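What follows is a single structure, written as structure tokens, with notes after it.
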Amino acid sequence: MKKLLIVYHSYTGGTRQMAEAATDAARQEQDTETRLLRAEDCEPVDMLGADGYLFATPENLAAIAGVMKAFFDRCYYPLLGQIEGRPYAAMICAGSDGDNARKQLERIATGWRLKKVIDTPIICTHAQTEEAILAPKVVGEADRAQCAEIGATLAAGLAMGVF
């Protein structure tokens, strides 16, 4: 059985909703085991035990969230040369732009020599004021459906061996 690991961090709930939508859909694939882990709980051994990955992070100050960056810092060198060629996808939750966070995450994945199999969506919450940025987020149904499709596609692709 193939294993999909979904690693995420969420401050205000938006990225968590995205990761949960992807996880719920991925778990419908009977030939793939899907595991959801918070970035602060994910260790190199968890990454080694997976056949593919989905990374979900908020954008903070035009970069991936610090907790997500700490996950990559903690796992990057111990995994270098050990996970090459494995498929991955990513999702960004942003208040407005999200492009720099996407570029940063994809650059890290390129360093690991992972294979991007799905374009990285940027889910925009349009939070522009301090109050809106710090408030709990609600990700809309259409955006959650897009995240679910990513989870389902990754899980099915792993199960069928196309990735």
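The values are calculated or read from the model by the stated rules, or taken from the named source; none is laboratory data. All figures in this text were calculated on a predicted structure; none of them were measured in a lab. For neighbour counting, all protein chains shown are included, and Cβ atoms are generated from backbone atoms with ideal geometry for every residue, glycine included. Just the protein is used for accessible areas: all its heavy atoms, side chains included, with ligands, DNA and RNA removed. Shrake-Rupley method; radii C 1.70, N 1.55, O 1.52, S 1.80 Å.
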*Per the 1.4 Å probe, what fraction of the accessible area of the chain, in percent, lies on carbon and sulfur atoms?*
49 percent
*Rounded to the nearest 500, what is the 222 nm mean residue ellipticity of the chain from helices alone, with -39500 (n - 2.57) per DSSP H run of 4+ residues and division by all residues?*
-13000 deg cm²/dmol
_Accessible heavy-atom area order of ASP119, ASP51, highest first, probe of 1.4 Å_ = ASP119, ASP51
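Ordering SER96, SER10 from largest to smallest accessible area (1.4 angstrom probe), what's the sequence?
From most exposed to least exposed: SER96, SER10.
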_Quick check: the angle from helix 141-160's long axis to the longest principal axis of the chain, C-alpha only, nearest 10 degrees?_
10 degrees
*Take the alpha carbon gyration tensor of the chain, find the square roots of its eigenvalues, order them as a ≥ b ≥ c, and report rounded if a/c is under 1.5; if not, report prolate when a/b exceeds b/c, else oblate.*
oblate
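Calculated FRET efficiency, CYS124 and ARG74, Cβ-Cβ r, R0 25 Å, to nearest 0.05?
Efficiency at R0 = 25 Å is approximately 0.30.
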*What angle do you read, to the nearest 10 degrees and between 0 and 90, between the alpha-carbon axis of helix 14-26 and the longest principal axis of the chain?*
30 degrees
*Under a 1.4 Å probe, what is the accessible area of the chain per residue, stated in Å²?*
48 Å²
*asked:* On C-alpha positions alone, give me the angle between the axis of helix 66-79 and the longest principal axis of the chain, in degrees, nearest 10.
replied: 20 degrees
*asked:* How much length would be gained if the chain were fully extended between VAL138 and ASP24, taking 0.36 nm per residue of separation minus their Cα-Cα distance, in nm to one decimal?
replied: 39.3 nm
_Please give the Cα centre distance for the range 18-68 versus the range 110-163, rounded to the nearest Å._
10 Å
_Checking the a/c ratio against 1.5 first, then a/b against b/c, what shape does the Cα gyration tensor give for the range 1-62?_
oblate
*So which lysines pass the test for LYS115, namely a Cα distance under 27 Å, with those fewer than 8 places away in the same chain ruled out?*
LYS2, LYS3, LYS69, LYS103
